[in-house]
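What follows is a single structure, written as structure tokens, with notes after it.
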Amino acid sequence: MADPYPKLSLEYEKKIQEAINKAWDELRRFYTYEQLDDIIETQGVAGLFPLIDSLPDYVSKNIRPVIEDAITASGRAVIGILPTLAITAPLTFSLVLPTVSNYVNNYVAVRVAEISSTTQQAIRSAINEAVVTGRNPRQIARTFRASVGLTINQELSVQRFKEALMTGNKSYVDGLKTAPGVSDIDSLSDKQIDKLVEQYRLRTVSRRAETIARTEALTAISVGQDLAIKNGLVTGSISNQLMKKWMDAKDGRTRDAHTVTGAINGWIPINQPFITPLGPLMFPRDPSGVASNVINCRCRIKYALPEDAKD
């Protein structure tokens, strides 16, 4: 049977990207610009805080079902990558299994919280900067909408971009790969600067959505695979002699810590963690790992029984 996981990963990367963009767009458009103007004029920017605080609800509503579907599809496809003789009884996998359900609920809740909290910090930073620089209510409203989806570091990058435009720092602007093209930086009006900054924010948001989707899709696929195998080991459907080996992508873009992980560990028992230079992982993109060890990881696992576990 052909490996089903590359296709599953691409399928759910697209679905998660659509879901996260929908969540952010729902928050942006909860109020019209006229309503946002009225809130800011009558309550100050503090009137936007309840809306910002509701972001986790939008994120959860949109990405939870997609991540759960990805985990389920991955768990049910695990038979396609295991040695035939390692499967000792019919495999079943479902999110209704108590141990699976509890893990998935906690896992998705953590992912929603992490995505939302970094975004909330960025929105508040963007609004604060708009107030400090004397923006009017409509400009603050536009800043609010454009900043939904950024991390705090990305928002600070946007603010540095704006400062470079205002001070005529062309070398800084030209060095930003994703910045809008600026032909004559010394003659920009305030309106033109605001438009360029908004474009930069939205481009950065789009890039972050792609990164989130890629990481979350691959992680959900790996989690589903791991949960299905663990469940199979508990039920006796999968041989407890199963072994695993870390396989890096071998495309020149793999982090150094992962190019050596396969050699460091070799073939190891299925329930043993891989030792990596950045900390132990049960599998590539293991949610328990530090961010530097899992984000954008594209490594995978190869499985074999002891008699076939050869380099």
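For region 60-89, how many residues meet the condition of being farther than 18 Å from Leu218 by Cα and either buried (at least 20 other Cβ atoms within 10 Å of the Cβ) or of a type in the set (Lys, Arg) (or both)?
So the count comes out to 3.
In this structure, does Ala179 turn out to be closer than 30 Å to Val78 by Cβ and either basic (Lys, Arg) or not assigned by TED's automatic domain parsing to the domain that holds Ala291 (or both)?
no
Restricting to region 141-166, give me the number of residues that are surrounded by 23 or more Cβ atoms within 10 Å (Cβ to Cβ), farther than 18 Å from Ile20 by Cα and touching a residue at least 60 places away in the same chain (Cβ under 8 Å).
1
Between Ile229, Ile295, which is closer than 22 Å to Ile71 by Cα, hydrophobic (A, V, I, L, M, F, W, C) and modelled with pLDDT under 90?
Sole residue among the options that is closer than 22 Å to Ile71 by Cα, hydrophobic (A, V, I, L, M, F, W, C) and modelled with pLDDT under 90: Ile295.
Please determine, by comparing only the residues of region 170-195 that are in contact (Cβ under 8 Å) with a residue 12 or more places away in the chain and of a type in the set (D, E, K, R), which one is nearest to Ile140 (Cα to Cα).
Applying the filter and picking the extreme gives Asp194.
Name the single residue, out of those in region 269-295 being among the β-branched types (Val, Ile, Thr) and touching a Leu at 6+ places or on another chain (Cβ under 7 Å), that is farthest from Gln225 (Cα to Cα).
Here the residue is Val290.
Any chance you could count how many residues in region 293-306 are over 18 Å from Ser74 (Cβ atoms) and in contact with a Gly (Cβ under 9 Å, 6 or more places away or on another chain)?
So the answer is 1.
Determine, yes or no, whether Val112 is aliphatic (A, V, I, L, M) and either touching a residue at least 60 places away in the same chain (Cβ under 8 Å) or outside any helix (DSSP H, G or I) (or both).
no
The values are calculated or read from the model by the stated rules, or taken from the named source; none is laboratory data. Predicted, not measured: the structure shown is a model, and the values here were computed from it. So basically every Cβ, Gly included, is an ideal-geometry build from the backbone, and we count neighbours across all protein chains shown.
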